[in-house]
Amino acid sequence: MRAFLPEPDLSERIHDAVLEAICSGELKAGTRLTQEELANKFGVSRQPVLQAMMLLRREGFLIEAGRKGVQVAPLDMQQVRNLYVVRAALDGAAARLAAANYTRELAHRGRLLLDVGRRAAASNNVPASIEADIDFHLFIYEASGNPLIGETAQPHWQHLRRVMAAALSEGDLRVSVWDEHEGILRALEAGQVEEAEALCRGHAEQMADILTGRLKVVISRAA
């Protein structure tokens, strides 16, 4: 993390930088942060840091740590399950709508995203694979034609990205994930609304099982 020059949106930029560090795994669960430490790191006053920390607490990424400031919130297994219950419902609804309104242009974009994801998985690049996975599902939200689906999911995606970054390693990048994505695309292209919905729901539910299983191992090792 580097120092910022003062700008009107400084607190937002500090928020985004700290959030990125948390979600990427640079800042681990339990890491303690203080206003003074962050102000020195970014080369700013404490006021924009305080505003950024308040927002991160409201979003659930930081928790109070007494007089020592705040700390990065722990990864909670039940929260992960809850996140994926919501995601499964939204993904299924988005896929059903997308399949009913899929165009040749959307089909082309979907196939390009599939190629990007397969290349990222083949290169064992965890951050690139996570980004490609998120882009794929955001694409289905967009293809649904219902902007409320993406708006409803938006607050949860950074938490999901944090979970994926903490739980996945190079050995966990499965080619089968992108085989499942290709199956979803085929259902969308064929206009199979029920199949597309079922595949998207099942994919999210399966990922919940895989990630919570891996997360248990990661948490137990850190204990």
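Search segment 64-76 for residues being of a type in the set (A, V, I, L, M) and in contact with a Lys or Arg (Cβ under 7 Å, 6 or more places away or on another chain), and hand back the single one that is farthest from SER24 (Cα to Cα). Please lay out each step first, then the result.
Filtering segment 64-76 for residues of a type in the set (A, V, I, L, M) gives 65, 70, 72-73, 75.
Those left that are additionally in contact with a Lys or Arg (Cβ under 7 Å, 6 or more places away or on another chain): 65, 70, 72.
Working: ALA65: 22, VAL70: 19, VAL72: 13 Å.
This residue is ALA65.
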**Request:** Among the residues of segment 112-136, write down those that are closer than 22 Å to ALA187 by Cα and either open to solvent by less than 70 Å² (accessible area, probe 1.4 Å) or among the aliphatic types (A, V, I, L, M) (or both).
**Result:** LEU112, LEU113, LEU114, VAL116, GLY117, ALA132, ASP133, ILE134, ASP135, PHE136
**Prompt:** Taking interchain pairs and intrachain pairs at least six residues apart, which have beta carbon atoms under 8 angstrom, with the first residue in segment 190-219 and on the phi > 0 side of the Ramachandran plot and the second buried (at least 19 other Cβ atoms within 10 Å of the Cβ)?
**Reply:** GLY191/ALA99; GLY191/TYR102
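Just checking, does segment 55-74 include any residue being among the small types (Gly, Ala, Ser), farther than 25 Å from ASP179 by Cβ and in contact with a Gly (Cβ under 7 Å, 6 or more places away or on another chain)? Please lay out each step first, then the result.
From segment 55-74, those among the small types (Gly, Ala, Ser) are 60, 65-66, 69, 73; that's our starting set.
With the extra rule that they be farther than 25 Å from ASP179 by Cβ, the set shrinks to 60, 65-66, 69, 73.
Right, trim to in contact with a Gly (Cβ under 7 Å, 6 or more places away or on another chain) and you get 73.
Within segment 55-74, one or more residues are among the small types (Gly, Ala, Ser), farther than 25 Å from ASP179 by Cβ and in contact with a Gly (Cβ under 7 Å, 6 or more places away or on another chain).
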**Item:** Any hit, segment 37-56, residues being at pLDDT 90 or above and closer than 29 Å to GLY213 by Cβ
**Value:** yes
**Complete:** Note on TRP157: of the conditions (1) touching a His at 6+ places or on another chain (Cβ under 9 Å); (2) at pLDDT 95 or above; (3) among the aromatic types (Phe, Trp, Tyr), unmet is (2)
**Request:** Report yes if GLU151 is without any contact (Cβ under 8 Å) to a residue 12 or more places away in the chain and open to solvent by 20 Å² or more (accessible area, probe 1.4 Å), otherwise no.
**Result:** yes
**Asked** Which one is most open to solvent (accessible area, probe 1.4 Å), of the residues in segment 74-108 that are farther than 15 Å from TRP157 by Cβ and among the hydroxyl-bearing types (Ser, Thr, Tyr)?
**Response** THR103
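I'd like to check something: does segment 160-176 contain any residue that is open to solvent by 60 Å² or more (accessible area, probe 1.4 Å), over 25 Å from ILE219 (Cβ atoms) and at pLDDT 90 or above?
Initially, segment 160-176 is screened for residues open to solvent by 60 Å² or more (accessible area, probe 1.4 Å), giving 170-171, 174-175.
Those still in the list that are over 25 Å from ILE219 (Cβ atoms) too: 175.
From what's left, at pLDDT 90 or above: none.
No, segment 160-176 contains no residue that is open to solvent by 60 Å² or more (accessible area, probe 1.4 Å), over 25 Å from ILE219 (Cβ atoms) and at pLDDT 90 or above.
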**Message:** Test of understanding: among GLU37, GLU59, GLU26, which residue is of a type in the set (D, E, K, R), surrounded by 14 or more Cβ atoms within 10 Å (Cβ to Cβ) and on the phi < 0 side of the Ramachandran plot?
**Reply:** GLU59
**Complete:** Taking segment 1-23 and keeping only residues that are open to solvent by 50 Å² or more (accessible area, probe 1.4 Å) and modelled with pLDDT under 90, one is left with MET1, ARG2, ALA3, LEU5, PRO6, GLU7, PRO8, ASP9
**All positions within segment 60-83 that are more than 10 Å from THR212 (Cα to Cα) and among the basic types (Lys, Arg)** = ARG67, LYS68
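The values are calculated or read from the model by the stated rules, or taken from the named source; none is laboratory data. In this text, all values refer to a predicted model and were calculated from it rather than measured experimentally. Every residue, glycine among them, receives a Cβ derived from its backbone with ideal geometry; neighbour counts consider all protein chains shown. The accessibility values were calculated without ligands, DNA or RNA, using every heavy atom of the protein model including side chains. Shrake-Rupley method; radii C 1.70, N 1.55, O 1.52, S 1.80 Å.
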